[in-house]
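Student: What follows is a structure written as structure tokens; I'll ask about it next.
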Amino acid sequence: MMAEINPVPIWLTVKLSIWTTIILLIIGVPLSYYLAYTKSKLGLVIEALTTLPLVLPPTVLGFYLLLLLSKNGIIGSVWYRLFDYQLVFHFEGIVIASVIYSLPMMVHPLTSGFRSVPRNIIEASWTLGKSKIETLFRVILPNMKASVLTGIVLSFAHTIGEFGVVLMVGGNIEGQTRVVSIAIYDAVEAIDYKTAHVYAGLLFVASFISLAMLYAINRRWSL
Amino acid sequence: MIRARVKKLLHGFDGDFWLDAELEVRGTEFLVILGQSGSGKTTLLRCIAGLETPEEGYIEVDGEVWFDSKRRINLPPQRRNVGFVFQDYALFPNMTVLENVMYGMRKKDKDRAIELLRMAGLEGLKDKKPDKLSGGQKQRVALLRALAKEPKVLLLDEPLSALDPDLRLELQKELRNFQKNASIPALMVSHDKEETLRLADRVIRIHKGKIVEEGEPQRILADAQATLVSKRENHREVILTLKLEGKLVEMRVDKESL
């Protein structure tokens, strides 16, 4: 039965999740650091904005992202001028959409992690002559490992399972944007329940393993 | 030598007040800042370390200006060469004892760090993480870590208050020895009378942000008076509750010894 299953959507899903998680980690650390320690009111606005993808229907987010990333959109037009192809209906487009969609999955655990690190060990590092960057990498991040790993696992798992935003921005293009969740939808529409079962089972197992890992991490590193 | 003049608005539980204090510490002098909780003594220490910024003032250590509100000079804590010891140790949980001590060294010198640990009787614990240490061991490591970077001044924020009395006595002696060996001035925040008598060369007492007394420890502390709040007894002891420097202290006296 496995021989009949197209592995491309599986590979694409894994690739999308890895890229999304890496980009989210790079964006998430400085953003969460700012949100955790700022006293500015702007911090509240940014925190609310990063949480929006949690409560908005994926179609709403997908619709706005489609407008932004399309050839005439603010981001899409720049991309088109630089690379001569449009972001929507391409892998790069769904990576950007996934990053925005999964932003709270990375930012929330990291922000709580930053807030949980005792202030005095941060100040101790400063008084010992270490810069804020060195303190971040040598003191703060190593003492919030559980939050960093939670952010990574949640972002990865959330991206594996996303459907609406990817469909709106990427459509259903073989090898470019047809990830497993869309392939399931496709198979069900074609009344190919066997394929749908295999893909759905894979997502089920992957999501279960991710969550089991998450709980193991929390048990290992939380107080 | 430390010269500091600090003015900063503080928010107390019974309203705002100004911390407005001026002090000078010379040579290897050990200055203890006494005062009730919320009087501004810790803030004064944190301003010197650069962890808080005064609204107005001037801080100079060994001729180097660390803060001058008029000239808009405000060196960050990283560039003020202080050794700061926190009340709750503030050791890095992710590092071993040796890594903690070496963390602040400008030139990583493992042999010197081990020598420091040996002097404090902690060599055997060098590969342990802080969560495996007792309170006294943690505070020794915190003190060594602060001294290992060879600071120009030692700032101590009630470093011994979390320890039991016997251990406190032992560490007071060690603290004084280490400070004298390092030949640097020390400023310590405390609210403990006995500790102040043992350690201080000079004492300043702060009340609501203002220095209200300054002088030799014996003279300053002789003025402190205790008032009896209540007296009760059980079959074995007489239990006296005294008010000392604004705090309630319970004293138990064995009836047989009376």
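Student: Of the candidates A:Leu87, A:Leu16, A:Leu49, which one comes out as most mobile in a Gaussian network treatment of chain A with C-alpha springs shorter than 10 Å?
Tutor: A:Leu49
Student: Right, next: How well do other chains shield peptide A:117-125, expressed as the mean number of their Cβ atoms within 10 Å of each residue Cβ? Present the calculation step by step, with values, prior to reporting the outcome.
Tutor: Working: counts 1, 4, 2, 9, 8, 2, 8, 15, 6.
Mean shielding by partner chains, rounded to a whole number: 6.
Student: What FRET efficiency do you get for B:Asp16 and A:Ser116 if R0 is 41 Å and r is their Cβ-Cβ distance, rounded to the nearest 0.05?
Tutor: Details: r = 30 Å, r/R0 = 0.73.
The value I calculate is 0.85.
Student: Mean-square fluctuation check for chain B, GNM, Cα pairs under 10 Å: which of B:Ser230, B:Ser183, B:Ser39 is largest?
Tutor: In this elastic network of chain B, the residue with the biggest mean-square fluctuation among B:Ser230, B:Ser183, B:Ser39 is B:Ser230.
Student: Would you mind classifying segment A:74-223 by shape? Square roots of the alpha carbon gyration tensor eigenvalues, ordered a ≥ b ≥ c; an a/c under 1.5 is rounded, otherwise it is prolate if a/b is larger than b/c and oblate if not.
Tutor: Details: a/c = 4.32, a/b = 1.64, b/c = 2.64.
Because a/c hits 1.5 or more and a/b fails to exceed b/c, segment A:74-223 counts as oblate.
Student: Specify the inter-centroid distance of segment A:43-65 and segment B:203-217, based on alpha-carbon positions, in whole Å.
Tutor: 55 Å
Student: Something else: What does the highest-first list of A:176-186, A:103-113, A:131-141 look like by mean Cβ count within 10 Å?
Tutor: Listed from highest to lowest mean packing, they are A:103-113, A:176-186, A:131-141.
Student: What full-extension length gain, to one decimal in nm, is calculated for B:Ala222 and B:Arg79 as 0.36 nm per residue of separation minus the Cα-Cα distance? The partial results should precede the final answer.
Tutor: Details: separation 143, 0.36 × 143 = 51.48 nm, distance 3.94 nm.
Extra length from B:Ala222 to B:Arg79 when fully extended: 47.5 nm.
Student: Could you give the C-alpha radius of gyration of segment B:136-258 expressed as a fraction of 2.2 N^0.38 Å, taking N as the number of residues it contains?
Tutor: Working it through for segment B:136-258, the quotient is 1.28.
Student: Provide a whole-number value for the mean count of partner chain Cβ atoms within 10 Å of the Cβ atoms in peptide A:134-147. Don't jump to the answer; show the numbers that get you there.
Tutor: Details: counts 2, 1, 0, 0, 5, 5, 1, 1, 4, 4, 1, 1, 0, 0.
The per-residue average across the peptide is 2.
Student: Can you give the FRET efficiency to the nearest 0.05 for B:Glu24 and A:Lys145, using r as the Cβ-Cβ distance and R₀ = 51 Å?
Tutor: E(calc), rounded to 0.05, equals 0.65.
Student: While we're here: Given a Förster distance of 51 angstrom, what is the FRET efficiency for B:Lys107 paired with A:Glu4, based on the Cβ-Cβ distance and rounded to 0.05?
Tutor: Values: r = 66 Å, r/R0 = 1.29.
After rounding, the FRET efficiency stands at 0.20.
Student: Moving to a separate point now. 7 Å from Cα along Cα→Cβ at both B:Glu115 and B:Asn234: what's the point-to-point distance in nm?
Tutor: Once both label points are built, they end up 5.3 nm from each other.
Student: Continuing with the same structure: Please check which bits of segment B:1-41 a label hung off B:Glu214 would reach, taking the label as a point 7 Å along Cα-to-C-beta and the cut-off as backbone N under 16 Å.
Tutor: Only B:1-7, B:19-27, B:29-35, B:41 pass the distance filter.
Student: Over what distance in Å are the Cα centres of segment A:103-178 and segment B:92-145 separated?
Tutor: Going from one Cα centre to the other spans 31 Å.
Student: Between B:Asp166 and A:Leu52, what is the spin-label point distance in nm, taking each point 7 Å from the Cα along the Cα→C-beta axis?
Tutor: Placing both labels 7 Å along Cα→Cβ, they lie 6.4 nm apart.
Student: Now, a different point. Pairs of alpha-carbon atoms within less than 8 angstrom and 6+ residues apart define the contacts here; what relative contact order does chain B have, in percent? It would help to have the intermediate numbers written out before the result.
Tutor: Values: 498 pairs, mean separation 58.5, N = 258.
Value for chain B: 23 percent.
Student: Would you please classify the overall shape of chain B from the alpha carbon gyration tensor, given that a ≥ b ≥ c denote the square roots of the eigenvalues, rounded means a/c under 1.5, and beyond that prolate means a/b larger than b/c while oblate covers the rest?
Tutor: On the way: a/c = 2.06, a/b = 1.18, b/c = 1.74.
It comes out oblate by the Cα gyration axes.
Student: Here is a follow-up. So which residue, out of B:Ile204, B:Ile73, B:Ile59, gets the largest mean-square fluctuation from a GNM of chain B using Cα contacts under 10 Å as springs?
Tutor: Looking only at B:Ile204, B:Ile73, B:Ile59, the biggest GNM fluctuation is shown by B:Ile73.
Student: Inverting the mean 1/r over all pairs of different Cα atoms, compute the Kirkwood radius of the protein assembly as shown and quote it in Å.
Tutor: After inverting the mean inverse Cα-Cα distance, the result is 26.8 Å.
Student: In deg cm²/dmol and to the nearest 500, what is the mean residue ellipticity at 222 nm of chain A if only DSSP H runs of at least 4 residues count, each as -39500 (n - 2.57), divided by the residue total?
Tutor: Counting only the DSSP helices, I get -24000 deg cm²/dmol.
Student: Sketch the reach of a paramagnetic label on A:Glu134 as a point 7 Å from Cα along Cα-to-Cβ, and name the residues of segment B:147-184 whose backbone nitrogen lies under 20 Å away.
Tutor: The answer is B:147-155.
Student: Be a star and scan segment B:78-92 for residues whose amide nitrogen sits under 20 Å from the point 7 Å along the Cα-to-Cβ vector of B:Asn181.
Tutor: Zone members listed by number: B:82-86.
Student: Computed on protein heavy atoms with a 1.4 Å probe, what is the summed buried accessible area for the chain pair A and B, in Å² to the nearest 100?
Tutor: On the way: alone 12370 and 13570 Å², together 24330 Å².
Interface between A and B: roughly 1600 Å².
Student: Run through every distinct alpha carbon pair of segment A:36-152 and return the Kirkwood hydrodynamic radius in angstroms, one decimal place.
Tutor: Working: mean 1/r = 0.0601 Å⁻¹.
It works out to 16.6 Å.
Student: Normalising by the residue count of chain A, find the relative contact order in percent from Cα pairs under 8 Å and 6+ residues apart. Spell out each step's value before the answer.
Tutor: On the way: 278 pairs, mean separation 63.2, N = 223.
It rounds to 28 percent for chain A.
Student: Using only atoms on other chains, find how many Cβ atoms lie within 10 Å of each Cβ of peptide A:200-213 and report the average.
Tutor: Average neighbour count from other chains, rounded to a whole number: 0.
Student: For segment A:47-128, what does the relative contact order come out to in percent, with C-alpha contacts under 8 Å and a separation of six or more?
Tutor: 28 percent
The values are calculated or read from the model by the stated rules, or taken from the named source; none is laboratory data. Note that the structure is a prediction, hence the values are computed from the model and not measured. We place every Cβ from the backbone using ideal geometry, glycine too, and count neighbours over all the protein chains shown. Only protein heavy atoms, including side chains, enter the accessible area calculation; ligands, DNA and RNA are left aside. Shrake-Rupley method; radii C 1.70, N 1.55, O 1.52, S 1.80 Å.
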